[in-house]
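Accompanying notes for the structure given below.
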Amino acid sequence: MATVTSENYPQLLSLAVHELRTPASVVGGYLRMLQRNTEEPLTDHQRKLIDEAEKSCARLVALIAEMSDIGKLDAGLLPLAQQQIDLNALVGDVAIHVHEGEDRDVRLVLDGDSAAAPMIGDRSRLRHAFDAVFRTVLREKAGPATVVAHRRRDSLDGRACMTIVVAESASVQEAYARARGPFNERHGGVGLALPLARRVFEGHGGQIWSPQAATADSEADDVLARTAAIVSLPLTE
């Protein structure tokens, strides 16, 4: 029996994307046709069911697109754009447009170093990556709570970098001070956005990690280890 290896994994993922994308697109198309059908008006109940089905189908299509991007990044087939970026400005702009948790009185604020942080990278993919990280941390808070994206100049493998610590306000320093643990990608409700974000950061020569739990036995109960995230990206200065 054939086994999945690092060599055939990209091909397997590509095949899965191809086989899933076609039926999902067909179902989505028929649902949109039903939404626009004016010959026989839908009842409110029918329209609600079709609208919910169309939303779920659109979510499936988005997950398939994320699978495709992950496979292409792993196979080296999806080059990242090389653009001049002010990382602090990008992070700030993403944070302003994240509204996850506002209904629970959970808010995201920026602090720390706000000076220009020049780097070379893919602006669009970095925006999506930070959006995924911010939304995930905010989703974990029951509220009321204040989550901070704390920016600090740092060093990454001997190079100047910007480190962004995303954690509840009272835990920012502890999150940064803890040993680096594997990035916690096991969060529901965000699809494959976190595995994709990790690959985007690593593709820019950066890193993302979670604070290491105090002990292996306490990992499941360690809130900080499960919810905080730290991102470091190299700067050009």
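In the stretch 26-48, of all residues being open to solvent by 100 Å² or more (accessible area, probe 1.4 Å) and assigned to a loop (DSSP other than H, G, I, E, B), the one that is modelled with the highest pLDDT corresponds to Pro41.
Determine if the stretch 197-204 includes at least one residue that is under 21 Å from Val106 (Cα atoms) and in a helix (DSSP H, G or I). Among the residues of the stretch 197-204, not one is under 21 Å from Val106 (Cα atoms) and in a helix (DSSP H, G or I), which makes the answer no. Among the candidates Pro79, Pro23, the residue that is outside any helix (DSSP H, G or I) and not hydrophobic (A, V, I, L, M, F, W, C) is uniquely Pro79. Considering only residues in the stretch 130-162 that are buried (at least 22 other Cβ atoms within 10 Å of the Cβ) and farther than 16 Å from Ala228 by Cβ, the one that is nearest to the chain's Cα centre (by Cα) turns out to be Met162. Looking only at residues in the stretch 26-59 that are acidic (Asp, Glu) and closer than 27 Å to Ala193 by Cβ, the one that is farthest from the chain's Cα centre (by Cα) is Asp51. Just one of the listed residues (Glu174, Glu185) is of a type in the set (Asp, Glu), closer than 30 Å to Val61 by Cβ and touching a helix residue (DSSP H, G or I) at 6+ places or on another chain (Cβ under 8 Å), and it is Glu185. Restricting the stretch 101-127 to residues that are crowded, with 18+ Cβ neighbours inside 10 Å and under 13 Å from the mean Cα position of the chain (by Cα) leaves a set whose member that is farthest from Ile230 (Cα to Cα) is Arg125. Screening Val190 against (1) over 20 Å from Glu237 (Cβ atoms); (2) part of a loop (DSSP other than H, G, I, E, B); (3) open to solvent by 10 Å² or more (accessible area, probe 1.4 Å); (4) hydrophobic (A, V, I, L, M, F, W, C) leaves a single unmet condition, (3). The conditions are (1) over 30 Å from Arg151 (Cβ atoms); (2) open to solvent by 90 Å² or more (accessible area, probe 1.4 Å), and Leu13 fails exactly one of them. Which is it? Only one criterion in (1) over 30 Å from Arg151 (Cβ atoms); (2) open to solvent by 90 Å² or more (accessible area, probe 1.4 Å) is unmet by Leu13, namely (2). For Leu80, the test of being under 30 Å from His204 (Cβ atoms), of a type in the set (A, V, I, L, M), open to solvent by less than 40 Å² (accessible area, probe 1.4 Å) and modelled with pLDDT of 90 or more is passed.
Within the stretch 210-225, identify whether any single residue is closer than 30 Å to Leu78 by Cα, buried (at least 20 other Cβ atoms within 10 Å of the Cβ) and at pLDDT below 95, and answer yes or no. Yes, the conditions are met somewhere in the stretch 210-225.
The values are calculated or read from the model by the stated rules, or taken from the named source; none is laboratory data. Note that the coordinates shown come from a computational prediction; the quantities given were computed from them, not determined experimentally. Heads up, the Cβs are rebuilt from the backbone with ideal geometry, glycines too, and the neighbour counts pull from every protein chain shown. In case anyone asks, the SASA skips ligands and DNA or RNA and just uses the protein heavy atoms, side chains included. Shrake-Rupley method; radii C 1.70, N 1.55, O 1.52, S 1.80 Å.
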